[in-house]
Amino acid sequence: MGRDGTPVGQAEQASVAGEEQEIRPRLWRLAAATSTWIFLVLVVIIAVFSIMNFEAFASVFNLRNIMIDASSLLIVAVAMTFVIITAGIDLSVGSVLVFSQVVAALLMRAMGAEGLGVILAGLAAATVSGLAWGVLNGVLIAKTRMPALIVTLGTLGMAQGAALLLSGGINVRRAVPAELVTTVGIGRLFGEIPYLVLIATGITILGGILLHLTRFGRHTYAIGSNPEAARRAGINVSRHLIKVYAMSGFLAGVAGYLLLARFTTTTIEGHGTTNLQAIAAVVIGGTSLFGGIGTVFGTVVGVFIPAILRNGFIILGVEPFWQQVAVGAVLILAVYVDQLKRRARERA
Amino acid sequence: MSPALPATDGALLEARGVEKSYGHVRALQGTDFEVRPGEVTALVGDNGAGKSTLIKILSGTVQPDGGEIRFEGHPVTIHSPLDARRMGVETVYQDLALAEDLDPAANLFLGREVIRPGLLGALGFIDKRAMRARAAESFATLGIDLQDMDAEVGMLSGGQRQTVAVSRAATWASRVIFMDEPTAALGVVQAERVLDLIRRIRGSGKSVVLISHNLPQVFQIADRIQVLRLGRRVAVFRADEVSMEEVVGAMTGAAGEA
Ligand SMILES: Nc1ncnc2c1ncn2[C@@H]1O[C@H](COP(=O)(O)OP(=O)(O)OP(=O)(O)O)[C@@H](O)[C@H]1O
Ligand SMILES: [Mg+2]
């Protein structure tokens, strides 16, 4: 009788105390998050470059170029964040991007390479191609339980080979309608903000909302954390994984299309390391390769650290090869921090 | 020893001749089992007797190779944990089945997240605040004081994690709750809380199946004791009609077959 009363009283106390205490652990967690540290690293890098050559580095012109250059990688990396949080990996994104470009370019050229209809048909072709490869990845990984590393290594080769077969190994030119190039490709909103940057920003924000605020995001974390627990909780793990890989393929298609608009030609040879760049960005941003942990914000930082290092080194006249050395070091540091945190937890 | 009770009428959930093999290991070899409404049934047996396997079959996590499962007298197939959930069955697994990187509230609501009202809800937005408030209540009822409701479950102590798993099952079960060694990692006070919880669950007319190696605890709380040995049920006792020696005898095979 009295016993039944006790828990209720405690519940009330707990919630009152909980509200007062809520702030402090949150600050702690923020301080402990890998993405916070890596963000500080980015700030320091920007500060150093700004001090060393403010005029050239911190100019609107330069920063805008950095953002334009980073936009397609950012889109691919946002999707890669979901994939890696499920404890998966997608090596095929670069080839899928190229394949989507080739299909879209061939279609647009065949349709006469001008007009809104052609632009939309090209967009559909690129996204559907990307989506199809993504679904294939997802189905193979979820249903056959083959390692994602192997499946996407396989589709990497297949998509690349297929793209070369379709294009004859030569970049597809005279395919992109001029209206697409002057707007999406190189146009700017109010003459200031490049549409490419706007689109990438929009996709990134949507990705962040999806990951952090919705049920889809919650299930993504749960599956990466403990797939068997997710299954026992009634989550359809296979279907969720298929969706995540489908999204990765789809966004690779979007990125391919945007690059087509920017460069007016396919970029068959340009994406051999896009997969590794995206994975590096995600991991630098604090997402754990073991799954279950990660943020879109971290990925944004992880995309910009290599981009700004490259740009800054060029401006300062440092051998650009140093950029690769520096990015490699930051990557190892990020993984090391993740490892330390996991070990600390296992001790707990 | 007391004779085994005959197969029961009025069982809520029952297994008949259930079989399950893992390669050469015959984990269950034609096991019977029944859960009666409003009773606490203890399922006891040595390590490897097949207790967890039986529980997993009845909660849809593992598919049996043969035999029959009946719910309210009707044959059913439990294809997935969702099927079990629809029957009002919840389980505290021996391995807890928690997502270590998520916080306690997220685990409590895993697979049944509270959705925000209105348009945001239609878009799949989850209501973290509501989930946290309800989770805090559940945990307080079990007497765990989670100082940090934001800490991921992997950071909690073994006992706290076990309590999160118990609260989850207790929050959602409407008919039957399986608990596979729910007090193994708990301190005296917390274990007592779980036993209190079991009594309260029984008081509300639900059934509890408790797997435990702690026989004094079993005798403290169970109405009925079913003994599994080498993948077969070898005895069913009423807890108030049997001695601990008899139960141990059935578990080890010292009695009965001799
Ligand atoms: N997934 C599996 N793969 C292979 N063998 C298994 C698996 N699950 C259980 N077994 C085997 O089935 C038998 C019964 O195991 P089970 O876990 O049901 O025993 P238990 O009664 O719960 O034991 P304990 O008291 O130690 O928890 C054991 O011999 C075990 O090795
Ligand atoms: Mg067991």
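The values are calculated or read from the model by the stated rules, or taken from the named source; none is laboratory data. All values derive from a computational prediction rather than experimental measurement. Positions of Cβ are backbone-derived with ideal geometry, glycine not excepted, and every protein chain shown enters the neighbour counts. Surface areas here come from the heavy atoms of the whole protein model, side chains and all, with no ligands, DNA or RNA. Shrake-Rupley method; radii C 1.70, N 1.55, O 1.52, S 1.80 Å.
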| field | helices (runs of 4 or more DSSP H) (entirely within the range B:50-148) containing at least 1 residues that are buried (at least 22 other Cβ atoms within 10 Å of the Cβ) | value | B:51-58, B:81-86, B:104-108, B:128-141
| query | Of all residues in the range B:183-215, which are in contact with a Ser or Thr (Cβ under 8 Å, 6 or more places away or on another chain), in contact (Cβ under 8 Å) with a residue 60 or more places away in the chain and open to solvent by less than 20 Å² (accessible area, probe 1.4 Å)? | reply | B:S207, B:V208, B:V209, B:L210, B:I211, B:S212
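Quick test for you: out of A:V135, A:V139, A:V176, A:V184, pick the one residue that is surrounded by 19 or more Cβ atoms within 10 Å (Cβ to Cβ), assigned to a helix (DSSP H, G or I) and β-branched (V, I, T).
So the residue among A:V135, A:V139, A:V176, A:V184 that is surrounded by 19 or more Cβ atoms within 10 Å (Cβ to Cβ), assigned to a helix (DSSP H, G or I) and β-branched (V, I, T) is A:V184.
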| message | Suppose we filter B:T61, B:T31 for residues that are within 14 Å of another protein chain (Cβ to nearest Cβ) and within 16 Å of ligand 2 (Cβ to nearest atom); which single one remains? | response | B:T61
| request: With the checklist (1) in contact with a Leu (Cβ under 7 Å, 6 or more places away or on another chain); (2) open to solvent by 10 Å² or more (accessible area, probe 1.4 Å); (3) away from ligand 1 (no atom under 14 Å from the Cβ) in hand, flag the one item B:K20 doesn't pass. | output: (3)
| task | Residues being facing another protein chain (nearest Cβ under 9 Å) and not basic (K, R): count how many of those fall in the range B:104-129. | result | 12
| If you scan the range B:222-245, which residues turn out to be open to solvent by 20 Å² or more (accessible area, probe 1.4 Å) and closer than 19 Å to B:I198 by Cα? | B:D223, B:R238, B:D240
| query | Of everything in the range A:205-229 that's β-branched (V, I, T) and more than 7 Å from chain B (Cβ to nearest Cβ), which residue is nearest to the chain's Cα centre (by Cα)? | reply | A:I205
| query | Of all residues in the range B:149-159 being touching a residue at least 40 places away in the same chain (Cβ under 8 Å) and open to solvent by 30 Å² or more (accessible area, probe 1.4 Å), which is nearest to the other protein chains (Cβ to nearest Cβ)? | reply | B:M149
| field | Residue in the range B:212-233 that is closer than 15 Å to B:G88 by Cα and away from ligand 2 (no atom under 15 Å from the Cβ) present | value | no
| query | In the range B:174-188, what residues are under 12 Å from the mean Cα position of the chain (by Cα) and more than 16 Å from ligand 1 (Cβ to nearest atom)? | reply | B:R175, B:V176, B:I177
| task | State yes or no: is B:G38 under 27 Å from B:D196 (Cβ atoms), away from chain A (no Cβ under 14 Å) and open to solvent by less than 30 Å² (accessible area, probe 1.4 Å)? | result | yes
| Residue ID - farthest from ligand 2 (Cβ to nearest atom), chosen from residues in the range B:41-56 that are within 14 Å of chain A (Cβ to nearest Cβ) and in contact (Cβ under 8 Å) with a residue 40 or more places away in the chain | B:I55
